[in-house]
1. Run residue 219 past the list (1) within 16 Å of the ligand (Cβ to nearest atom); (2) assigned to a helix (DSSP H, G or I); (3) under 30 Å from residue 48 (Cβ atoms); (4) in contact (Cβ under 8 Å) with a residue 12 or more places away in the chain and report the number of the one that doesn't hold.
2. Can you work out which of the residues in the range 278-309 that are out of contact with any strand residue (DSSP E or B) (no Cβ under 6 Å at 6 or more places or on another chain) and closer than 15 Å to residue 239 by Cβ is surrounded by the fewest Cβ atoms within 10 Å (Cβ to Cβ)?
3. Out of (1) closer than 30 Å to residue 105 by Cβ; (2) more than 16 Å from the ligand (Cβ to nearest atom); (3) touching a strand residue (DSSP E or B) at 6+ places or on another chain (Cβ under 6 Å), what's the single condition that is false for residue 143?
4. Within the range 167-180, is there a residue that is within 14 Å of the ligand (Cβ to nearest atom), in contact with a helix residue (DSSP H, G or I) (Cβ under 9 Å, 6 or more places away or on another chain) and outside the structural domain of residue 32 (by TED's automatic domain parsing)?
5. Assess whether residue 315 counts as being touching a helix residue (DSSP H, G or I) at 6+ places or on another chain (Cβ under 6 Å), in contact (Cβ under 8 Å) with a residue 40 or more places away in the chain, in a helix (DSSP H, G or I) and within 16 Å of the ligand (Cβ to nearest atom).
6. Residues in the range 101-158 that are over 19 Å from the mean Cα position of the chain (by Cα), in contact (Cβ under 8 Å) with a residue 60 or more places away in the chain and closer than 23 Å to residue 218 by Cα: how many?
7. Working only within the range 65-78, note down all residues that are touching a strand residue (DSSP E or B) at 6+ places or on another chain (Cβ under 7 Å), more than 9 Å from the ligand (Cβ to nearest atom) and not in a strand (DSSP E or B).
8. If you go through the range 282-312, how many residues are more than 15 Å from the ligand (Cβ to nearest atom) and either outside the structural domain of residue 172 (by TED's automatic domain parsing) or free of Cβ contacts under 8 Å to residues at least 24 places away in the same chain (or both)?
Ligand code: NCD
């Protein structure tokens, strides 16, 4: 059981910053909604959530509030961390996650009607959906905030926030870093969101992928327009010695129309202890997870493997985001 004493609350200054950044009542659909200042603010609140959880496990900041968690695609971390975040803040959850097949969706109900229904019961909706743009459609249907937890091969903004937060926590800064994205840059929505966020910082970016999984042109153009130094390569060997962050991703099997093509590229990369011998002593390895074969399990005991610490940060970031969109205060 989570202990929820009634002491955690935002002071007046924090409350006014929160209002000023305008998250209250807002949807979270894309990373484009965030400025470096609003990110700093969310990260500061996430730090406080971490400290508060360490001290007493939970608080009653969102007591009486209800979150609907609607997942039309599989999820472990994103759904569990939103649920944990809501519950640690004293709120409760309607979980329609692994059970979408048992809901009226399986009777042919439209996304619009499902969303209109859930908003009658809840204060905020978290949605994961296989189609790009679905979160925006849901947001247009609902009067309560909708948070995009992944829309097909589009975006995954809350993951990008926790990724950026993790880099800052692990390396103490964002500016001046060389960040290498490895794997499925074409379909990987976490890469799409994180890449856009990073354009706001003084970073060097490398994109490492096989030809058919290159970063889509619109994202590449955004990076170039922001004046970033960009390198594209097929080979991790080209970046391993200079990268501060290796952001490794799973090849997104579910997005391929031709499975033979998936088979060709699925094992293109594998981060091994031998490869890590060539990495900087203070570099970190990240992964949004789940992993398949792209990181050897022997890397897990390397202190530079940050992916499970990254998972935990997801809960603090989602606590901060839920508090922000619910005006909580
Ligand atoms: C990612 C996703 O769903 O896009 N997972 C996650 O949310 N942590 C990455 C993936 O599925 O490969």
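1. Unmet condition: (3).
2. Looking at residues that are out of contact with any strand residue (DSSP E or B) (no Cβ under 6 Å at 6 or more places or on another chain) and closer than 15 Å to residue 239 by Cβ, I get 278.
3. Residue 143 satisfies all of (1) closer than 30 Å to residue 105 by Cβ; (2) more than 16 Å from the ligand (Cβ to nearest atom); (3) touching a strand residue (DSSP E or B) at 6+ places or on another chain (Cβ under 6 Å) except (3).
4. Keep residues of the range 167-180 that are within 14 Å of the ligand (Cβ to nearest atom), which gives none.
No: zero hits.
5. Details: touching a helix residue (DSSP H, G or I) at 6+ places or on another chain (Cβ under 6 Å): yes; in contact (Cβ under 8 Å) with a residue 40 or more places away in the chain: yes; in a helix (DSSP H, G or I): yes; within 16 Å of the ligand (Cβ to nearest atom): yes.
Yes: the conditions hold for residue 315.
6. Qualifying residue count for the region: 0.
7. From the range 65-78, those touching a strand residue (DSSP E or B) at 6+ places or on another chain (Cβ under 7 Å) are 66-73, 75, 78; that's our starting set.
Remaining after also requiring more than 9 Å from the ligand (Cβ to nearest atom): 66-72.
Residue satisfying the conditions is 72 alone.
8. 5
The values are calculated or read from the model by the stated rules, or taken from the named source; none is laboratory data. What you see is a predicted model; the values in this text were computed from it and never measured. With ideal geometry, Cβ positions are generated from the backbone for all residues, glycine too; neighbour counts draw on all protein chains shown.
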